[in-house]
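The values are calculated or read from the model by the stated rules, or taken from the named source; none is laboratory data. Quantities reported herein were computed from a predicted structural model and do not represent experimental measurements. Note that we place each Cβ from the backbone using ideal geometry, even for glycine, and neighbour counts take in every protein chain shown.
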Amino acid sequence: MAVLVTGGAGYIGSHMVLALIDAGHDEVVVIDDLSTGFDWALPPEVTLVRGDVADQSLVAETVRRHKIDALAHFAAKIVVPDSVADPLGYYLANTVKSRALIEAAIHAGVRHVIFSSTAAVYGEPAVVPVPEDLAPNPINPYGRSKLMTEWMLEDAARAHGISYVVLRYFNVAGADPRGRSGQSTPNATHLIKVATQAALGKRERLEVFGTDYPTPDGSCLRDYIQVSDLAAAHLVALNHLRGGGESLTLNCGYGRGYSVLEVIDVVKSVSGVDFPVTLSPRRPGDPSRIVAGADRIRAELGWVPQHDDLRGIVTQALAWEEALGRRNRI
Ligand SMILES: NC(=O)c1ccc[n+]([C@@H]2O[C@H](COP(=O)([O-])OP(=O)(O)OC[C@H]3O[C@@H](n4cnc5c(N)ncnc54)[C@H](O)[C@@H]3O)[C@@H](O)[C@H]2O)c1
Ligand SMILES: O=c1ccn([C@@H]2O[C@H](COP(=O)(O)OP(=O)(O)O[C@H]3O[C@H](CO)[C@@H](O)[C@H](O)[C@H]3O)[C@@H](O)[C@H]2O)c(=O)[nH]1
């Protein structure tokens, strides 16, 4: 049986593709429009269908031709402050297009869906670490656009007798330990990526967005999960669904928060570079602290992380950033 990975040429999707291939899955098919992804991120044994997830005839034809039973849906727009500036663009990309994809996929025969959701659905949670049962309350359009897709998937699954796992990722970081993929977006906004670029001199400085939050050092707290650990969570979710397991909604994080200033210290220490840091005002749409309640995924799927170590994550991110520099000469 074949798996369809939307957004498989992107950062996290490419690690999912590698995990599927490493685990010996028969056939992996990717639909990606390469808007932020790269065809070179895909290993040669993967079929890349270049196109939009909202192209229903393309999706239906791909599902039928490759006898796809399972869909892992990564394709999305992902930058929180951009979603504040362009909410309708985010609802189109993450909600409207997901609706078209889910409809076409189910009608063409897909039985299982794994959806890339986000900690942003919790907004500014009253409880940290945040359990899955806490009522979602997103505070930015990105989180809302993803929550609506969770709900569509839940309703469609019930109506059409399919099963799903919604994975709510916390902050994804690091790179493939074997150096085959990593975060490659040139103008990425993610903290660890930006900090490694500052350490390597690709950026003049790093800005800290907000030092007046109600947190121990005033900067935001996040739970950083290593990208191959996250891909491994998808594999166990896939096995669960194919084995007849029930639909689930699960956090993906380690259950420990680091502040922005702590992350910067780790990047400086691992790289040995004391790059310039500016203290700036808050960034629109940012919650102050978000840390995963991380027990349910272990209990339900038996997921055991292998890379729960911020220094290790930063070391991988730095190595990937250096390799990208050699590749792109930047
Ligand atoms: N990076 C994080 O920290 C994080 C955290 C929580 C959730 N997520 C979710 O994980 C998923 C993957 O994120 P990422 O960091 O790998 O982002 P990314 O931008 O690297 O990957 C997205 C991929 O989807 C493709 N794509 C986008 N729109 C498309 C469309 N309409 N049709 C076909 N392909 C399309 C892009 O070309 C790219 O390859 C997203 O759904 C995101 O919301 C990411
Ligand atoms: O140059 C920078 C970049 C980020 N930050 C801060 O670092 C924290 C983390 O920011 P970032 O790495 O941009 O991630 P988030 O905005 O937390 O969002 C990520 O994590 C979410 C889950 O928590 C996902 O849903 C999103 O897709 C993903 O972009 C935030 O407090 C930012 O304000 C800075 O201070 N300076």
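Some points to look at:
- Of all residues in segment 1-55, those satisfying the criterion of being within 16 Å of ligand 2 (Cβ to nearest atom) and in contact with a His (Cβ under 8 Å, 6 or more places away or on another chain) are THR6, GLY7, MET16.
- Annotation note: of GLY174, GLY123, the sole residue that is surrounded by 24 or more Cβ atoms within 10 Å (Cβ to Cβ), at positive phi and in contact with a helix residue (DSSP H, G or I) (Cβ under 9 Å, 6 or more places away or on another chain) is GLY174.
Residue-by-condition table, conditions (1) within 14 Å of ligand 1 (Cβ to nearest atom); (2) modelled with pLDDT of 95 or more; (3) surrounded by fewer than 17 Cβ atoms within 10 Å (Cβ to Cβ):
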site	(1), (2), (3)
ARG64	no, yes, yes
ALA93	yes, yes, no
ALA105	yes, yes, no
VAL110	no, yes, no
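- Spans of helices (runs of 4 or more DSSP H) in segment 218-313 with at least 1 residues more than 30 Å from PRO87 (Cα to Cα), charged (D, E, K, R) and within 15 Å of ligand 1 (Cβ to nearest atom): 227-242
Listed here are the residues, each with its yes/no results for (1) under 27 Å from ARG144 (Cβ atoms); (2) surrounded by fewer than 17 Cβ atoms within 10 Å (Cβ to Cβ).
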{"position": "ALA23", "(1), (2)": "no, yes"}
{"position": "SER35", "(1), (2)": "yes, yes"}
{"position": "VAL46", "(1), (2)": "no, no"}
{"position": "GLU61", "(1), (2)": "no, yes"}
{"position": "LYS67", "(1), (2)": "no, yes"}
{"position": "ALA75", "(1), (2)": "yes, no"}
{"position": "ALA85", "(1), (2)": "yes, yes"}
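- Residue among ASP286, ASP265, ASP274 that alone is touching a residue at least 60 places away in the same chain (Cβ under 8 Å) and among the charged types (D, E, K, R): ASP286
- When ALA60 is tested against (1) within 17 Å of ASP26 (Cβ to Cβ); (2) assigned to a helix (DSSP H, G or I), exactly one condition is not met: (1).
- Residue within segment 248-266 that is at positive phi and in contact with a Pro (Cβ under 6 Å, 6 or more places away or on another chain) present: yes
- Check on ALA195, farther than 22 Å from VAL236 by Cα and assigned by TED's automatic domain parsing to the domain that holds GLY8: no
- Test result for GLY161, touching a helix residue (DSSP H, G or I) at 6+ places or on another chain (Cβ under 7 Å) and either of a type outside the set (A, V, I, L, M) or within 16 Å of ligand 1 (Cβ to nearest atom) (or both): no
- Considering (1) closer than 26 Å to PHE115 by Cα; (2) part of a loop (DSSP other than H, G, I, E, B); (3) near ligand 2 (Cβ under 10 Å from one of its atoms), the lone condition that ARG203 does not fulfil carries the number (1).
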